[in-house]
Amino acid sequence: MGLGLPDTILGAAWPLMHLDLKTPISAAGILSIIASLGTIVSSLCTPKVLRVLGTGKLVAYSIALTAIASIGYGFADSFNILCLWAIPMGIGAGAVDVAMNNFAAIYLESKHTNWLHASWGIGATLGPSLLSFSILTGSGWRGSYEYVAITLAAIFVLILISLPLWKKKEARGGLSENVTIPASSISTAPENAQKNAAPSDNNANNAPHISIREALRVPGMKLSFLTFFFYSALEISTSLWCGTYLIACGFKPEIGAFIVSLMFASVMIGRIASGFFAIKFTDHRLIYAGIAIVSVGCLILSIPLPLNLQPACICLLGLGCAPVYPSLIHATPARFGESLSSQAISIQLAGSYVGSILMPPAFGLVAAKFTVHLWPISLSIFVGLLLLCVCLLDYVTHKKLNKSYARERVIDILHTVSMETLKRERRIQRRLRNRQKKR
């Protein structure tokens with residue numbers, strides 16, 4: 001929730017912000033670049049910091065940094081000041097993203113990971129809703145950032161209180177199987193050989209560390225980078241330009257912000273539902289289902305529609321995006337092994353942030369030179385490239401994925417058998433107690 005709150009306000013508030021700060025509409029791309037640069041640096045450094053602080057402390061400190069940056073956004077009186085506050089906003093978001101996704105991929109099941117990202121959907125939904133409330137009460141877009149800062153402060157306190165639970169969970173070890181790093185994927189330097197020869201620790205934070213360059217040599221890692229690049233291009237372009245597109249189509253600013261909120265509400269609902277689907281279906285099936293729904297939404301949105309039908313199409317985009325990101329994240333230990341999970345997720349999120357830097361601002365230039373009505377077409381291009389990368393990634397890592405999914409199915413069967421046995425024993429005990437009472 002703390003990550004989602006400030007993520008979606010900018011796109012919904014920018015039609016008002018650029019007028020108030022007297023900056024061109026395309027300047028949102030510059031702000032997005034600065035924040036994304038901070039998140040790239042933060043995400044690449046997070047695996048090292050994670051080994052020192054642990055997940056709980058790192059998330060708490062990052063949420064506090066994001067709250068301070070939100071206060072700065074609310075009081076910024078110029079675009080240059082806003083750019084300065086975008087740096088800590090990006091650093092805090094990058095650390096939370098890597099730490100939480102690594103924790104979820106290793107220590108939680110697929111359904112829990114989907115519900116975790118549904119919580120992001122709650123924050124993403126509340127962001128534009130707070131903006132609408134702030135506009136209606138006369139506080140403008142600045143008031144919405146102050147509300148966000150107060151909410152983040154409350155989350156920071158809750159995380160501090162729950163620190164013992166984080167440590168206890170990490171001490172138990174992960175759910176996924178540690179996979180040995182292929183010898184052909186790393187350098188043969190003596191120090192690296194000693195690191196990789198060390199026994200794997202169940203605690204992923206204490207796993208042998210290899211450099212980002214060595215991790216990139218693992219088969220499928222670069223494809224994973226590109227997959228997240230194009231997914232981020234799709235999602236961030238949607239959140240950043242959706243409000244501007246709706247206003248260009250004829251909606252009022254407060255109505256546009258509300259529709260953006262509905263889109264992220266559909267993301268939240270979709271992730272709650274996909275959490276239940278994850279009990280029966282594998283991650284890659286959920287990924288393809290989500291991409292198919294997004295493709296349908298983009299296709300319909302590209303057709304000239306009556307104004308009252310466009311919100312439904314935009315909500316369809318949210319439903320489609322819902323299972324893709326958490327399923328890609330949760331499949332990371334299955335693709336690359338628990339020992340490489342933090343580095344892999346760091347690379348994946350770096351790809352996501354690079355996509356955030358390049359693609360939405362690129363469309364901003366297209367919108368400024370031509371028209372913002374080309375937005376649905378750009379989304380269709382991103383979806384096509386995302387599907388291509390996912391297909392190639394599954395082809396490269398299919399052996400590890402099949403092994404992991406087979407192991408999960410065996411565990412599910414054993415769990416079902418044990419539960420049935422337990423129920424049968426309880427029924428027998430209940431019958432014995434009833435017989436004793438009758439005697």
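The values are calculated or read from the model by the stated rules, or taken from the named source; none is laboratory data. Just so it is clear, the structure is predicted and the values come from calculations on it, not from any experiment. Positions of Cβ are generated from backbone atoms using ideal geometry, with glycine treated the same way; all protein chains shown enter the neighbour counts. Ligands, DNA and RNA are excluded from the accessible area calculation, which covers all protein heavy atoms including side chains. Shrake-Rupley method; radii C 1.70, N 1.55, O 1.52, S 1.80 Å.
Within the range 253-283, can you find the residues that are among the aromatic types (Phe, Trp, Tyr) and in contact with a Lys or Arg (Cβ under 9 Å, 6 or more places away or on another chain)? If you could, list the steps in order and put the result at the bottom.
Restricting attention to the range 253-283, the residues satisfying the condition of being among the aromatic types (Phe, Trp, Tyr) are 258, 264, 276-277, 281.
Phe276, Phe277 - these are the residues of the range 253-283 that are among the aromatic types (Phe, Trp, Tyr) and in contact with a Lys or Arg (Cβ under 9 Å, 6 or more places away or on another chain).
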Single residue of the range 56-95 satisfying the filter (surrounded by 24 or more Cβ atoms within 10 Å (Cβ to Cβ), under 21 Å from the mean Cα position of the chain (by Cα) and not hydrophobic (A, V, I, L, M, F, W, C)) that is modelled with the lowest pLDDT: Gly94
Checking Ser110 against (1) open to solvent by less than 40 Å² (accessible area, probe 1.4 Å); (2) modelled with pLDDT of 80 or more, the condition it does not meet: (2)
Asp7 being modelled with pLDDT under 90, within 17 Å of Gly143 (Cα to Cα), assigned to a loop (DSSP other than H, G, I, E, B) and not polar (S, T, N, Q): no
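For the range 347-369, how many residues are among the basic types (Lys, Arg) and within 25 Å of Val218 (Cα to Cα)? Step through it out loud before you land on a result.
Our first condition is that a residue be among the basic types (Lys, Arg); within the range 347-369, this holds for 369.
This time we only want the ones that are within 25 Å of Val218 (Cα to Cα), so: none.
Looking only at that region, the number is 0.
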Flag for Phe225 being open to solvent by 10 Å² or more (accessible area, probe 1.4 Å), among the aromatic types (Phe, Trp, Tyr), assigned to a helix (DSSP H, G or I) and in contact with a Phe, Trp or Tyr (Cβ under 6 Å, 6 or more places away or on another chain): no
Residue list for the range 117-144, restricted to those being open to solvent by less than 30 Å² (accessible area, probe 1.4 Å) and either of a type in the set (A, V, I, L, M, F, W, C) or more than 21 Å from the chain's Cα centre (by Cα) (or both): Ala118, Ala124, Leu131, Ser132, Ser134, Gly140, Trp141, Gly143, Ser144
Residue check, Leu393 over 13 Å from His284 (Cα atoms), surrounded by 10 or more Cβ atoms within 10 Å (Cβ to Cβ) and at pLDDT 80 or above: no
Residue check, Val49 open to solvent by 10 Å² or more (accessible area, probe 1.4 Å) and of a type outside the set (Phe, Trp, Tyr): yes
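Go through Ile71, Ile81, Ile150 for me and flag whichever is of a type in the set (A, V, I, L, M, F, W, C) and in contact (Cβ under 8 Å) with a residue 40 or more places away in the chain. Before the answer, list the steps.
Numbers: Ile81 fails: in contact (Cβ under 8 Å) with a residue 40 or more places away in the chain; Ile150 fails: in contact (Cβ under 8 Å) with a residue 40 or more places away in the chain.
Criteria check complete, one pass: Ile71.
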Search result, residues across the range 128-152 that are touching an Asp or Glu at 6+ places or on another chain (Cβ under 7 Å) and under 20 Å from Ile269 (Cβ atoms): Ser132
Cβ pairs under 9 Å, 6+ apart, first in the range 362-383 and more than 17 Å from Leu246 (Cα to Cα) and assigned to a helix (DSSP H, G or I), second at pLDDT below 80 and open to solvent by 20 Å² or more (accessible area, probe 1.4 Å): Leu365/Ser26; Phe382/Met359
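Can you name the helices (runs of 4 or more DSSP H) wholly within the range 247-330 that have at least 1 residues being open to solvent by 50 Å² or more (accessible area, probe 1.4 Å)? Spell out how you get there, then give the answer.
Values: elements: 253-277, 283-302, 310-321, 324-330.
By residue number, 253-277, 283-302, 310-321.
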